[in-house]
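Inspection log for the structure reproduced underneath, given as structure tokens.
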Protein chains: 2
Amino acid sequence: MRPLKFQIFERVRAAGLIPRVEVAKELGISPASVTTLSSELIDAELIEEVVAPRGKGEAARGRPPVALGVRASAHYVAGLKLSDREQTAVILDFAGNLIASHAITRQPGALATEDFLNDCERLLDLVGAKAGIRRQGLSGVGIGVPGFVESAGGRVFWSSVLADGDVPLAAAAADRLGVPVTIDNDANLVALAELWFGAGREVADFAVVTIEHGVGMGFVLNHRLYRGAGGIGMELGHTKVQLDGALCRCGQRGCLEAYVADYALAREASTALEGVEGDEQTMVELLESLYENAKGGNAAARSIFRRAGRYLAVGLANVVNLFDPALIILSGERMRYDYLYAADVLAEMDSLVLKAGRPAPPIEVHAWGDLLWAQGAAALALSDLTETLLAPAREGAAR
Amino acid sequence: MRPLKFQIFERVRAAGLIPRVEVAKELGISPASVTTLSSELIDAELIEEVVAPRGKGEAARGRPPVALGVRASAHYVAGLKLSDREQTAVILDFAGNLIASHAITRQPGALATEDFLNDCERLLDLVGAKAGIRRQGLSGVGIGVPGFVESAGGRVFWSSVLADGDVPLAAAAADRLGVPVTIDNDANLVALAELWFGAGREVADFAVVTIEHGVGMGFVLNHRLYRGAGGIGMELGHTKVQLDGALCRCGQRGCLEAYVADYALAREASTALEGVEGDEQTMVELLESLYENAKGGNAAARSIFRRAGRYLAVGLANVVNLFDPALIILSGERMRYDYLYAADVLAEMDSLVLKAGRPAPPIEVHAWGDLLWAQGAAALALSDLTETLLAPAREGAAR
């Protein structure tokens, strides 16, 4: 459970600008406690008082209303998203405003850890130059990679962008960059980006399902990312939707991902498309061609998307039946293949959700690109920084 | 997020006896805050100071060490579990000590709401007589039923023990009994019982999977029961493990329950057992016979249990892949059919859990009966009572 001062900071951060009395109401504590603890946060230069703009109808009498907001210039952080085809970086201020961004395309394939660190360094210097902020001016860097990442321990067990397994990436990157580094997997980054800058400003609990090279999930519960006891939960892509089913990249059978991810579609594509040679096309070209054929009426191509859509419906229905989230956000580039959120997929999901006198939760599609993921990586750095700045030991000392 | 005073009460309750300094440490707040707030809890007669017994090696010098504990006689609550074959009731004091229990067997079948309320009343009076506590002496009653229950709204959408659908059971029972009533479904009750009196005293996050007439799940996260945004999440039994699979009681296909619950086993039993007439045997007799035949080497009977076990492994692996819990507790009478926790089921589960450099969580089997469920219902009443006593409005007023 979080110290009260932390909870106050979190509410201010999530709200953008919020009056003290509102903070007290939302946390169920006395206004006097909010006044005391927010003074400490102001003294520590983490939040500040802002004169709130008056509404049009409000009379301009008396003391102007004052709200609390995060002090934007208190800190700067960077977020790096390193994926198979693109490397993206952003720099944000402490209030989450985007200061600069930079993207580099690259040849797909796994990198040796040394080369990966070189890329991180180069990317950070390029985005830093745009922002006019040197590495020493950064309070933290968040790095996101696909795969199995234990965020708390800073380890990457497996990632498609790293040739080595079980890499202590956070420590290695911190050594190289000279800045505190936090790492996480990409689905958690999207959930964090939504939590800090998107849906999380309105909703306390929601699920993010990402469909890209794999199927990922992030889960925000009571304004916090839920990671599981071992730090690597939410592996929706590897829940089993068929006993002894299709072979998955992870080596097991029947994983949701083995029916829905791009490689799952691609491996049936050559059966559906005449004259296709797998080696001559990239995965993206192959999927585009499959998609065009399906739209053009090719029955085999359509059945590939139809099956993927049905299994996606199973996966989403299972998320609803288990988590009962207030909102599901579908995210990822694949979202533009509209089979994935076509009306009949959602209808099928609805038919698989337990009927218990309530409607299924709303589903939003956010087809954002790598910039969002990089912002999520920066939110990770902000999150870690906030934990450090507001750690109980410090609070105890301040009192 | 919970007010601090509530968090302190919760830690004291969960710990049994705990020194103030330990509470401060666990919550990450100053000992001074604990002293202030615990004084308010002592003034409200909810907790009390207890002189902690000294360890054998400790010298008996100076002030004796003092711990905080819940004031047992502050309140009494009842818990009722109404299931198909048995109706069980308990009365607990505010510290969770069992004062009395009573059980009645009944003929299976759904009851009209009026008859259900009559049964509740009779059961409450019988257990009250044993405890020497009249209804007016109770601060709350918790009622547990199988099925789809929205605890917050006090509604039962569907239950095998109620003939009517969408019943506002909490309000109707409170009217009849003259005591505040809270209701929930049985899997949540087991999770609450574990949270208050069992595993929850040691572990902050765990999952309970119940296998009875259906398959249920309760999930405790950070010492609290997670119910989902709509109040009826965790329906593990209705997650889909097979597209277009076996028919489930809920009317949908491919639910885990349709492969694992007792009715799923029973409907294949007549195919496996010679001379079985479904109408002449109760479900329990049929399953016992099936189990004896499987143990005796009947290949068809074995294959029924084997398949159920494999699907259970899928369900448990999905729980691990998604929630990454610190502990899974398997609960329910069916646990004595040892196929359900046989070594090969656990091995199969392990083979379906994502390999990410970590061991699968420990699995404990708690084959407790209806008394535990009734204690869970009483824990529900205690939980609701505590919420009422410590509501933010009251806290504000007390300050």
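Across region B:377-382, in residue order, what do the Karplus-derived ³J(HN,Hα) couplings come to in whole Hz, using 6.51 cos²θ - 1.76 cosθ + 1.60 with θ = phi - 60° and x for Gly and Pro?
5, 5, 4, 4, 5, 4
Can you work out D for chain A in µm² s⁻¹ from Stokes-Einstein, where Rh is the Kirkwood radius over C-alpha pairs, the temperature is 20 °C and the viscosity is 1.002 mPa s?
95
Quick query: amide H of A:GLY140 versus all other amide H atoms, modeled in the peptide plane; which residues come in under 5 Å with a sequence gap of 5 or more or a different chain?
When sequence neighbours closer than 5 places are left aside, the close amide H contacts are A:ALA78.
Placing a label point 7 Å from Cα toward Cβ, how far apart in nm is B:ASN118 from its equivalents in the other copies, listed shortest first to one decimal?
Counterpart label points of B:ASN118 in the remaining copies fall at 8.4 nm.
What fraction, in whole percent, of alpha-carbon pairs in region A:1-54 exceed 15 Å separation?
Tail fraction, whole percent: 40.
Please report, in whole Å, how far the alpha carbons of the protein assembly as shown spread along each principal axis, starting with the longest.
Principal extents (Cα only, largest first): 79, 73, 66 Å.
Please give the net charge around A:ILE42, taking every other residue with its beta carbon less than 9 angstrom from that of A:ILE42, where Lys and Arg add +1 and Asp and Glu add -1.
With Lys, Arg at +1 and Asp, Glu at -1, the neighbours total -4.
Between B:VAL51 and the same site in the other copies, what are the distances in nm, shortest first, taking label points 7 Å from Cα along the C-beta direction?
Here the equivalent label points are 6.3 nm apart from this one.
If Lys and Arg each add +1 and Asp and Glu each add -1, what is the summed charge of the other residues whose beta carbon sits under 12 Å from the beta carbon of A:ALA191?
Overall, the nearby charge balance is -2.
Run the label-point distances for B:ALA204 please: 7 Å along Cα to Cβ, every other copy, nanometres, shortest first.
1.8
Just add up the charged neighbours of A:PHE206: K/R +1, D/E -1, any other residue whose Cβ is under 14 Å from the Cβ of A:PHE206.
That sum, taken over residues with Cβ under 14 Å, equals -3.
Please list, ordered by chain and number, the residues whose modelled amide H lies under 5 Å from the amide H of A:ALA52; skip anything fewer than 5 residues away on the same chain.
Counting only residues 5 or more places away or on other chains, the set is A:VAL66, A:ALA67.
Please compute the alpha carbon radius of gyration of region B:1-160, then divide it by the globular-protein estimate 2.2 N^0.38 Å. Two decimals is fine.
Ratio of Rg to 2.2 N^0.38 Å for region B:1-160: 1.34.
Pop a pseudo-label 7 angstrom from the Cα along the beta-carbon direction at both A:VAL365 and B:ARG85 and give the gap in nm to one decimal.
Once both label points are built, they end up 5.0 nm from each other.
Go ahead and estimate [θ] at 222 nm for chain B from helices alone: -39,500 (n - 2.57) per DSSP H run with n ≥ 4, summed, over the residue count, rounded to 500.
So the calculated ellipticity at 222 nm is -13000 deg cm²/dmol.
Please express the Cα-Cα pair-distance distribution P(r) of region B:254-332 as a list of whole percents, one per 10 Å bin, running from 0 to the bin with the greatest distance.
Distribution as computed: 17, 44, 26, 11, 2 percent.
Filter the GluC sites (Glu not before Pro) in region A:144-208 to those in DSSP coil with at most 11 other Cβ atoms within 10 Å of their Cβ, and list the result.
Here the sparse-neighbourhood loop sites are A:GLU202.
Based on the Cβ-Cβ distance of B:ALA152 and B:GLU45, what FRET efficiency does E = 1/(1 + (r/R0)^6) give at R0 = 25 Å, to the nearest 0.05?
0.35
Using only the alpha-carbon atoms, how far is helix B:4-15 inclined from the longest principal axis of chain B? Give it as 0 to 90 degrees, nearest 10.
Taking the Cα atoms of chain B, the angle to B:4-15 is about 60 degrees.
Using all alpha carbons of region B:203-316, what is the percent of pairwise distances in each 10 Å bin, ordered from the shortest bin to the longest?
14, 38, 31, 13, 4, 0
As a test, work out the antiparallel percent of DSSP beta bridges whose residues both lie in chain A, rounded to the nearest 5.
If I count the DSSP bridges inside chain A, around 65 percent turn out antiparallel.
Any chance you could run the full-extension gain for A:ARG134 through A:GLU285? It's 0.36 nm times the residue separation minus the Cα-Cα distance, nm to one decimal.
50.5 nm
Running Debye on region A:117-198 with equal point scatterers at the Cα sites and no solvent, what base-10 log of I(q)/I(0) appears at q = 0.14, 0.19, 0.20 Å⁻¹?
Debye output, listed in q order: -0.49, -0.88, -0.96.
Express as a percent, rounded to the nearest 5, the fraction of DSSP beta bridges in the protein assembly as shown (both residues included) that run antiparallel.
Of the beta bridges lying entirely in the protein assembly as shown, close to 65 percent run antiparallel.
What is the extension gain from B:THR388 to B:SER270, computed as 0.36 nm multiplied by their sequence separation minus the C-alpha to C-alpha distance, in nm to one decimal?
Between B:THR388 and B:SER270, full extension yields 37.3 nm more.
Bear in mind these aren't lab numbers, they're just calculated from the coordinates by the rules spelled out. All values derive from a computational prediction rather than experimental measurement. Glycine gets a Cβ as well: all are built from the backbone with ideal geometry, and neighbour counts include every protein chain shown.
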